[in-house]
């Protein structure tokens with residue numbers, strides 16, 4: 001068994017998988033915008049499901065590995081997500097008229113019509129939508145209160161709100177899993193979240209609860225002191241995730257399982273897969289995957305709007321949008337990772353360490 005079995009600090013094939021999934025999201029949105037109807041690729045929400053399981057896996061391992069109070073823990077998490085998110089959110093809000101123009105010039109598909117409606121909803125009540133987006137609370141706003149709030153302004157950020165919800169409750173879940181007498185509390189909370197799910201969209205944690213659970217139990221099964229009971233729990237959670245999300249959920253679950261087995265193998269054919277996903281090129285894509293995921297729609301719709309304004313149509317328009325989306329996303333992601341995402345993560349680490357080392361004062 002490889003060293004990855006005893007440490008979740010960084011399993012390189014999972015980093016590479018993260019990069020591949022980010023580009024699946026990009027290509028799926030490109031295909032949907034252009035009306036290409038590419039099989040499987042168009043189902044890029046499945047790539048987000050992979051991210052969700054990976055998040056459960058990584059955060060569970062982090063909490064088990066570190067013994068830190070909630071304040072430094074959540075400080076790290078907030079600085080991991082919020083700085084880049086806020087920059088992209090405000091740019092996207094400023095570009096809402098460009099978004100509307102772009103979607104109106106792209107093929108008349110149900111998905112593009114839906115995006116036009118999302119822009120209209122945002123423009124009609126922009127202060128309210130910004131108010132829930134700024135604190136990453138769009139996923140916990142019922143549709144009857146603010147319709148489609150999770151998907152307006154910066155549509156792909158629905159999963160970032162979901163991620164923040166998970167960050168907030170993950171320490172409680174891990175605390176409860178350490179002792180049998182705490183499980184009743186955890187189960188009660190889970191049942192409540194599941195019951196509330198129909199009032200919200202896919203950005204509410206109750207509607208993705210089992211995917212996070214798969215990641216958590218997989219981390220427990222492969223970490224130090226792992227046992228078959230955690231593997232059984234992960235398998236049960238996977239079955240519940242399929243029941244909750246449909247048969248297509250089998251695909252992201254299978255991908256995670258295969259890559260994790262490959263990462264933990266010392267030999268055999270799956271080792272080649274681990275080496276490929278752990279290559280420098282794909283690990284690099286994994287490092288910038290958050291930036292890639294957040295910013296990729298901007299070059300897509302800005303280029304679509306520019307083509308319409310310049311009278312470029314047909315294959316020329318398709319080629320321009322494709323090249324700008326792929327190339328522009330990569331270049332912008334490199335810049336935002338270097339100048340925003342990575343420094344912000346470092347600042348969060350410094351602040352978290354200061355919180356832990358700050359001397360206590362007595363009255």
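The values are calculated or read from the model by the stated rules, or taken from the named source; none is laboratory data. Please read all numbers here as calculations on a predicted model, not as lab measurements. Glycine gets a Cβ as well: all are built from the backbone with ideal geometry, and neighbour counts include every protein chain shown.
Some observations on this one:
- Members of segment 121-139 found to be buried (at least 20 other Cβ atoms within 10 Å of the Cβ) and either more than 17 Å from the chain's Cα centre (by Cα) or over 16 Å from residue 156 (Cβ atoms) (or both), listed by number: 122, 129, 132
- Residue in segment 119-138 that is assigned to a loop (DSSP other than H, G, I, E, B), at pLDDT below 95 and farther than 28 Å from residue 342 by Cβ present: no
- Residue within segment 84-100 that is part of a loop (DSSP other than H, G, I, E, B) and under 22 Å from the mean Cα position of the chain (by Cα) present: no
- Residue pairs whose Cβ atoms lie under 6 Å apart, separated by 6 or more positions or on different chains, with the first residue in segment 264-281 and in contact (Cβ under 8 Å) with a residue 60 or more places away in the chain and at negative phi and the second surrounded by 13 or more Cβ atoms within 10 Å (Cβ to Cβ) and part of a loop (DSSP other than H, G, I, E, B), are 264/2; 266/2.
- Positions within segment 242-258 being over 20 Å from residue 18 (Cα atoms) and crowded, with 19+ Cβ neighbours inside 10 Å, in sequence order: 245
- Residue that is surrounded by fewer than 20 Cβ atoms within 10 Å (Cβ to Cβ), part of a helix (DSSP H, G or I) and either in contact (Cβ under 8 Å) with a residue 12 or more places away in the chain or touching a strand residue (DSSP E or B) at 6+ places or on another chain (Cβ under 9 Å) (or both), where the choices are 59, 63, 52: 63
- Among the conditions (1) in contact (Cβ under 8 Å) with a residue 60 or more places away in the chain; (2) buried (at least 18 other Cβ atoms within 10 Å of the Cβ); (3) in contact with a helix residue (DSSP H, G or I) (Cβ under 6 Å, 6 or more places away or on another chain); (4) closer than 25 Å to residue 50 by Cβ, residue 164 misses just one, which is (3).
For (1) buried (at least 21 other Cβ atoms within 10 Å of the Cβ); (2) in a helix (DSSP H, G or I); (3) touching a residue at least 24 places away in the same chain (Cβ under 8 Å), each residue gets a yes or a no:
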position: 150; (1), (2), (3): yes, yes, yes
position: 153; (1), (2), (3): yes, no, yes
position: 156; (1), (2), (3): no, yes, yes
position: 169; (1), (2), (3): no, yes, yes
position: 172; (1), (2), (3): no, yes, no
position: 195; (1), (2), (3): no, yes, no
position: 198; (1), (2), (3): no, yes, no
position: 201; (1), (2), (3): no, no, yes
position: 212; (1), (2), (3): yes, yes, yes
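- Scoring residue 291 on the criteria (1) in a helix (DSSP H, G or I); (2) exposed (fewer than 15 other Cβ atoms within 10 Å of the Cβ) leaves a single failure, condition (2).
- The number of residues in segment 259-275 being assigned to a helix (DSSP H, G or I) and either in contact with a helix residue (DSSP H, G or I) (Cβ under 7 Å, 6 or more places away or on another chain) or surrounded by 18 or more Cβ atoms within 10 Å (Cβ to Cβ) (or both) comes to 9.
- Segment 303-363 holds helices (runs of 4 or more DSSP H) entirely within its bounds, and those carrying 2 or more residues that are more than 20 Å from residue 72 (Cβ to Cβ) map to 314-323, 329-336.
- Among residues of segment 1-27, those that are assigned to a helix (DSSP H, G or I) and at pLDDT 90 or above, counted: 16
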